[in-house]
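The values are calculated or read from the model by the stated rules, or taken from the named source; none is laboratory data. The model shown is predicted, which means the values in this text are computed figures rather than measured ones. Counting neighbours? That spans all protein chains shown, and the Cβs are built from the backbone with ideal geometry, glycine included. In case anyone asks, the SASA skips ligands and DNA or RNA and just uses the protein heavy atoms, side chains included. Shrake-Rupley method; radii C 1.70, N 1.55, O 1.52, S 1.80 Å.
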Amino acid sequence: MSGSNKFGFAPVDTETATPKRTRTPGPMGAAVRDTAETLADTTEAKVEQRRRNAEDARKFRDAQEGGLLLVELPVGNVLTDDLPRDRLVLDEVAVSEEMDELKSSIRARGQKEPIEVYETAPGQYQLKKGWRRLTALRQLLSETGDERFAQVIARVETGDGDRLLRYVDMVEENVVREDLTFAEMAQVAITAAQDSNVPETDPAELVSRLYSALIKTKRSYIRSFVFLLTALGDDLKWPKAVPRNLGVGVARAIKSEQQIVPLRSELSACSSPEDQTRILTEFLASDKKPEEGATAKPEPRQKLEFFIGKTKVTARDGELRIVSGSDFANTSRQTLEEAVKAFEGVLNGTPRIR
């Protein structure tokens with residue numbers, strides 16, 4: 001049989017492979033492909049850059065809210081009248097040798113340590129920490145007119161900060177440096193107790209909050225000075241000059257109002273810190289000296305009066321009177337009963353529950 005079919009065609013040779021066409025892109029195709037690849041790479045890079053920008057923005061906001069960023073503020077925009085300072089005699093500090101040394105350092109090397117502030121209005125700040133550094137810059141600006149001293153480096157607290165924690169921050173630096181006297185530390189507690197934005201009104205109780213970093217013995221000394229400054233008031237004209245042991249001793253020796261009145265009268269007549277020290281020393285010595293021939297116990301005091309913040313407490317035999325701005329008549333009976341039970345528990349030595 002012939003290899004051709006009736007149509008006259010020979011069978012197809014399936015074993016012979018038909019060569020495939022190799023298609024090479026032309027110049028336009030190559031350009032389009034390169035452009036597409038570049039666009040894909042660029043899009044991926046932009047996505048990664050946006051991710052990094054978002055992460056950096058988040059970290060920036062966290063740092064800003066945490067008060068970790070340092071900013072430059074005009075010295076005139078930082079006020080110091082909201083939070084009472086921990087220094088009793090700021091005018092003396094402002095003209096002291098230490099202030100001159102600080103100014104010399106800033107003049108030569110610039111401000112190295114930032115101050116800390118909190119914002120009270122847009123562009124307005126109140127000082128929390130760094131009174132000496134701010135004062136040094138203000139003095140240098142006034143003395144030299146050099147604009148280098150017109151800006152202060154600061155950390156800014158954002159949001160509504162805890163008022164008591166601001167007191168803690170204010171004293172923390174000087175306490176660590178052991179730069180505050182016991183009288184100054186006591187005055188901070190007294191001032192904080194009188195601050196309407198601080199819930200605790202007992203300065204002795206505030207000592208533990210303000211000076212938690214100090215050992216128990218030092219906190220006890222501060223409480224003694226709290227009592228001393230409260231009892232003697234403005235008649236103690238030079239509280240910083242009172243030595244620790246003398247102040248603690250006098251505070252412990254005062255047991256009645258009858259002792260306080262003549263002591264305050266003598267102190268009010270003092271003309272120097274030395275006179276004040278002499279009178280306090282004599283008072284302490286007289287308290288320790290037993291009366292000649294005295295064998296009987298001293299007569300109990302008839303009345304004891306003192307203040308806890310703005311609350312006046314009067315204690316007599318079988319009677320305790322509390323006078324304050326609180327409306328006790330509209331306080332629930334349950335609350336008053338709990339308060340009285342807590343009061344009796346303290347007197348009876350029952351552990352206090354906080």
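Miscellaneous remarks
- Rounded to whole Hz, the Karplus (6.51, -1.76, 1.60) HN-Hα couplings of the range 266-275, x for glycine and proline: 5, 5, 5, 8, 5, 10, 7, x, 5, 4
- Here the gap between Ser268 and Thr331, fully extended at 0.36 nm per residue and compared with their Cα-Cα distance, gives a gain of 18.5 nm.
- Entries in Lys303/Lys341; Lys128/Lys255; Lys103/Lys129; Lys129/Lys216; Lys240/Lys303; Lys129/Lys237 that, when Cα-Cα distance is taken, lie over 28 Å: Lys128/Lys255; Lys240/Lys303
- Distance cut-off 19 Å, percentage of C-alpha pairs in the range 131-255 lying past it: 56
- Multiplying the residue separation of Lys237 and Ala342 by 0.36 nm and removing their Cα-Cα distance gives an extension gain of 34.0 nm.
- Taken one residue at a time, the phi angles of the range 335-340 give Karplus couplings (6.51, -1.76, 1.60, θ = phi - 60°) of 5, 5, 5, 5, 5, 5 Hz. Gly and Pro are set to x.
- Averaging the sequence gap over all C-alpha pairs within less than 8 Å and six or more residues apart, then dividing by the number of residues, gives the range 85-214 a relative contact order of 23 percent.
- Solvent accessible area, Å² - Met170, 1.4 Å probe, full protein context: 10
- Per-residue packing, averaged as other Cβ atoms within 10 Å, sorts the ranges 223-232, 143-152, 237-246 into the order 223-232, 237-246, 143-152, beginning with the highest.
- Note that the range 190-206 has calculated 3J(HN,Hα) couplings of 5, 5, 5, 5, 8, 6, 5, 8, 9, x, 7, 10, 9, x, 5, 6, 5 Hz, one per residue in order, obtained from phi through the Karplus relation 6.51 cos²θ - 1.76 cosθ + 1.60 (θ = phi - 60°); glycine and proline are x.
- Lys, Arg +1 and Asp, Glu -1 on Cβ, resulting dipole of the range 92-144 about Cα centre, debye, nearest 20: 220
- The range 65-151, accessible area per residue, ligands and nucleic acids excluded (1.4 Å, Å²): 55
- Ordering of 135-141, 263-269 by packing [mean C-beta count within 10 Å, highest first]: 135-141, 263-269
- log₁₀ of I(q)/I(0) at q = 0.13, 0.14 Å⁻¹ - the range 220-282, Debye sum with one point per alpha carbon: -0.27, -0.32
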